[in-house]
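Here's the structure, in structure tokens; my notes come after.
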Amino acid sequence: MRLIVRYLVFGTCFLQGIAAFSQQIPRTEVTTLTGAHVVLPQEAKGKPLLLLLTFSHKGSDDLAAWNKHFKVPYATDPRIAYFELADFQGVPPFVMKMILHGLRRSVHEPERSHFAPLMTQEEDWKKLVIYGDPKITYLILADESGHVVWQSRGPATDEKAGDLEAAIVKQHSHSS
């Protein structure tokens, strides 16, 4: 009986792991702070797609830590398509205008062309990242067709940054 339970537990965990990495990012249209219209995952154009998502203002602290921690400046790395998405769904339009004005002043190039407010599909994205904490950043690496191949969340660490770089290299080698 114990052996059967172990196999069931292992099988369930294994299948959940496969499901997490076989998910597709939702087709999403956003506009960057430079005014460029972006359609995800199509924007990847044959490259891995790295997305950093935040779901609250407090998540921006974690995002800033990730941006400082990266050893490779992903915003200008030609190997990948890179975007930061901040969830603003439900914010009234008059408030959103003020927020966008402030963001355009505080986010500098080259980051501005990679930063986009997320105004729709909040629930799809939360489901994809297995949302649980508004104070953290969620990272997704998808292949060129938008299938999730790596995910992480929370504060930046050397281990997570190394895992991300290894996943990018692996995806790059698949597309070569």
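Please treat every number below as a calculation from the coordinates, not as lab data. None of the values given here were measured: they were computed from a predicted structure. Neighbour counts are summed over all protein chains in view; Cβ atoms, including those assigned to glycine, are modelled from backbone coordinates with ideal geometry.
Based on a Kirkwood Rh over C-alpha pairs, give the Stokes-Einstein translational diffusion coefficient of the stretch 53-93 at 25 °C and viscosity 0.890 mPa s in µm²/s. Don't skip to the end; give the middle numbers.
Values: Rh = 11.7 Å.
Answer, rounded: 209 µm²/s.
Spacing of the modelled spin labels on GLU165 and SER145, each 7 Å from Cα toward Cβ, amounts to 3.0 nm.
In this simple spin-label model, placing a label point 7 Å from the Cα along the Cα-to-Cβ direction at both THR31 and ARG79 gives a separation of 3.4 nm. Coupling constants for the stretch 83-88 follow from the phi torsions by the Karplus curve (6.51 cos²θ - 1.76 cosθ + 1.60, θ = phi - 60°), and in residue order they are 9, 9, 10, 10, 6, 10 Hz; glycine and proline get x.
Around the amide H of THR28, modelled in the peptide plane, lie the amide H atoms of LEU40, all under 5 Å away and 5 or more residues distant in sequence or on another chain. With each label modelled as a point 7 angstrom along the Cα→C-beta vector, the ASP61-LYS135 pair spans 0.7 nm. For the stretch 37-176, the mean projected area of the C-alpha convex hull, equal to one quarter of the hull surface, is 8.0 nm². Charge tally around VAL39: other residues with Cβ under 13 Å, Lys/Arg +1 each, Asp/Glu -1 each, net 0.
Suppose the chain between THR157 and LYS126 were pulled fully straight at 0.36 nm per residue; how much longer would it get relative to their current alpha carbon spacing? Intermediate values should be presented prior to the final figure.
Details: separation 31, 0.36 × 31 = 11.16 nm, distance 2.24 nm.
That works out to 8.9 nm of additional length.
Which of the trypsin sites (Lys or Arg not before Pro) found in the stretch 57-138 are in a DSSP loop and have at most 16 neighbouring Cβ atoms, other than their own, within 10 Å? Passing sites in the stretch 57-138 are LYS58, LYS71, ARG79, LYS135.
Please compute the length gained on full extension between HIS172 and ARG104, using 0.36 nm multiplied by the number of residues separating them and subtracting their Cα-Cα distance.
Extra length from HIS172 to ARG104 when fully extended: 21.3 nm.
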